[in-house]
There are 2 protein chains.
Amino acid sequence: MRPRHPKSKVRILEKAIPLFARAGFSGVSMRDIAKKVGVSAAALYYHFPDKRALYLQAMTQSFADKARALLDVLTTTGTSEERLSGFINRFCKVMQQDPDFLAFLQREMLDGDEIRMQMIAEQVFQEPFRAIEELSKELAPDFDPHMLAISMAGLVIFHLERKTLHLYLPGGRPEHNDPEVIAQHVTKLLLRGLKERDG
Amino acid sequence: MRPRHPKSKVRILEKAIPLFARAGFSGVSMRDIAKKVGVSAAALYYHFPDKRALYLQAMTQSFADKARALLDVLTTTGTSEERLSGFINRFCKVMQQDPDFLAFLQREMLDGDEIRMQMIAEQVFQEPFRAIEELSKELAPDFDPHMLAISMAGLVIFHLERKTLHLYLPGGRPEHNDPEVIAQHVTKLLLRGLKERDG
DNA sequence: GTCTATAGCCGGATAGAC
DNA sequence: GTCTATCCGGCTATAGAC
């Protein structure tokens with residue numbers, strides 16, 4: 001249960017996250033954030049030393065607990081195929097339910113400096129990435145596990161990030177945005193690609 | 001052969017492209033561009049009505065001729081497999097040789113308004129996309145051709161856009177940035193994934 | 001076609017009252 | 001903790017000389 005009047009700092013971050021995720025660091029002003037929160041711009045400086053610190057904390061907040069959500073489903077029991085399918089499903093769902101997280105991730109891959117990238121890698125992706133590499137080794141030992149893990153992430157992420165372009169490309173249909181449809185497509189593509197031979 | 005002193009407008013666009021591609025519309029000022037070109041900011045307004053127009057023309061310029069480069073290799077003769085492999089190779093090479101194009105594309109997928117997205121779709125991606133859908137139908141009639149085309153693009157693009165993150169993820173090696181290595185990986189993954197059964 | 005100068009606005013950030 | 005008022009620099013864009 002969330003309190004009706006959360007601490008100011010939390011309220012500021014809650015409002016700042018979607019703004020920064022959608023317009024980026026230089027696309028949002030402190031006044032924009034203050035207006036959304038319903039306070040003066042000066043009030044923000046009581047809680048954060050400067051704009052960069054506010055951005056960094058907003059991003060960190062948006063990334064929190066994402067690693068755990070992805071790891072959980074990777075460490076359950078079952079065949080390799082079941083774990084892959086479970087992971088792809090969870091990944092699609094997490095990304096679709098939190099568009100701010102996806103936008104932040106895309107933004108950081110474009111603009112992120114070394115320090116922020118290192119933080120993201122260590123705090124969010126390193127553990128799940130390792131688990132996916134292990135799964136890759138089980139499923140397809142003749143593939144480079146690092147590249148295969150990148151491929152899995154890329155397949156899911158690109159299906160979700162191409163949303164706006166999708167409207168104007170031929171053959172686009174509404175169900176192509178359904179995370180379950182995407183997960184099913186990606187899993188089918190991967191599994192057939194991972195088994196060297198199958199009936 | 002490029003003339004030693006190209007028209008000012010062309011010179012401005014040449015300098016503006018990498019700046020906008022790397023920092024985005026709001027991350028670059030008219031003064032930044034003017035400084036790179038070696039003129040005053042006021043001079044830019046002789047050639048472009050405002051900053052938005054300059055950005056749009058820079059983006060359009062960066063996207064020009066990309067459709068043709070991708071289409072050429074799709075319409076050559078050969079088996080479906082050869083055309084797929086040729087396309088993936090070309091796609092990787094084009095994207096890697098022109099990082100500004102890749103950055104612009106990522107940026108527009110994040111920030112692009114409907115008008116710009118429609119322009120990109122119609123002028124750059126519609127024709128090659130249709131050709132890839134046709135190829136998908138030949139190779140794997142039981143897949144949704146639209147989704148498969150998205151998957152192909154996503155695989156290539158994500159391997160190239162994750163460059164900065166890659167340093168901090170386990171198992172990353174220098175050759176993972178080689179476009180030929182990426183193309184080979186993606187082709188292998190796709191072809192095994194596309195054939196329903198193989199020996 | 002390019003310059004200098006400048007208008008007018010908006011940005012981040014601070015001072016000091018309450 | 002939040003306010004109003006403000007500093008000051010950078011921003012887009014224009015005016016007018018050359």
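Read-outs: derived from the displayed coordinates by stated rules, not from any lab. Keep in mind that what you see is a predicted model, and the values were worked out from it rather than measured. With ideal geometry, Cβ positions are generated from the backbone for all residues, glycine too; neighbour counts draw on all protein chains shown.
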remark   = The condition from (1) more than 20 Å from A:ARG107 (Cα to Cα); (2) more than 18 Å from the chain's Cα centre (by Cα); (3) at the interface with chain A (Cβ under 8 Å from one of its Cβ atoms); (4) crowded, with 17+ Cβ neighbours inside 10 Å that B:TYR168 misses is numbered (1)
inquiry  = So the check is Cβ under 8 Å with 6+ separation or different chains; which pairs have a first residue in the stretch B:9-31 that's more than 15 Å from B:ALA42 (Cα to Cα) and a second one that's within 11 Å of DNA strand D (Cβ to nearest atom) and of a type in the set (Asp, Glu)?
reply    = B:LEU19/B:ASP32
inquiry  = Every residue in the stretch A:1-25 that is surrounded by 16 or more Cβ atoms within 10 Å (Cβ to Cβ) and either away from DNA strand C (no atom under 14 Å from the Cβ) or within 14 Å of another protein chain (Cβ to nearest Cβ) (or both), please.
reply    = A:ARG11, A:LEU13, A:LYS15, A:ILE17, A:PRO18, A:LEU19, A:PHE20, A:ALA21, A:ARG22, A:ALA23, A:GLY24, A:PHE25
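Here is a yes/no grid of residues against (1) facing chain B (nearest Cβ under 7 Å); (2) in contact with a helix residue (DSSP H, G or I) (Cβ under 8 Å, 6 or more places away or on another chain); (3) surrounded by fewer than 21 Cβ atoms within 10 Å (Cβ to Cβ); (4) part of a helix (DSSP H, G or I):
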site	(1), (2), (3), (4)
A:PHE125	yes, yes, no, yes
A:ARG130	yes, no, yes, yes
A:GLU134	no, yes, yes, yes
A:GLU138	no, yes, yes, yes
A:HIS146	yes, yes, yes, yes
A:ILE157	yes, yes, no, yes
A:LEU160	no, yes, yes, yes
A:HIS176	yes, yes, yes, yes
inquiry  = Take the conditions crowded, with 16+ Cβ neighbours inside 10 Å, within 13 Å of DNA strand C (Cβ to nearest atom) and within 14 Å of chain A (Cβ to nearest Cβ) and apply them to B:LYS51. Does it pass?
reply    = yes
ask   = How do the pairs read when you match residues in the stretch B:44-62 that are farther than 15 Å from B:SER8 by Cβ with residues anywhere that are within 13 Å of DNA strand C (Cβ to nearest atom), using Cβ under 7 Å and keeping only pairs 6 or more apart or on different chains?
value = B:LYS51/B:MET30
inquiry  = Please go through the stretch A:32-65 and give me each residue that is of a type in the set (Lys, Arg) and out of contact with any Leu (no Cβ under 9 Å at 6 or more places or on another chain), ordered by number.
reply    = A:LYS35, A:ARG52
Qualifying position, being over 30 Å from B:PRO99 (Cα atoms) and part of a helix (DSSP H, G or I), among A:LEU110, A:LEU102, A:LEU44 = A:LEU44
ask   = Would you pick out the residues in the stretch B:19-41 that are among the small types (Gly, Ala, Ser) and either in a helix (DSSP H, G or I) or within 27 Å of B:GLU161 (Cα to Cα) (or both)?
value = B:ALA21, B:ALA23, B:GLY24, B:SER26, B:GLY27, B:SER29, B:ALA34, B:ALA41
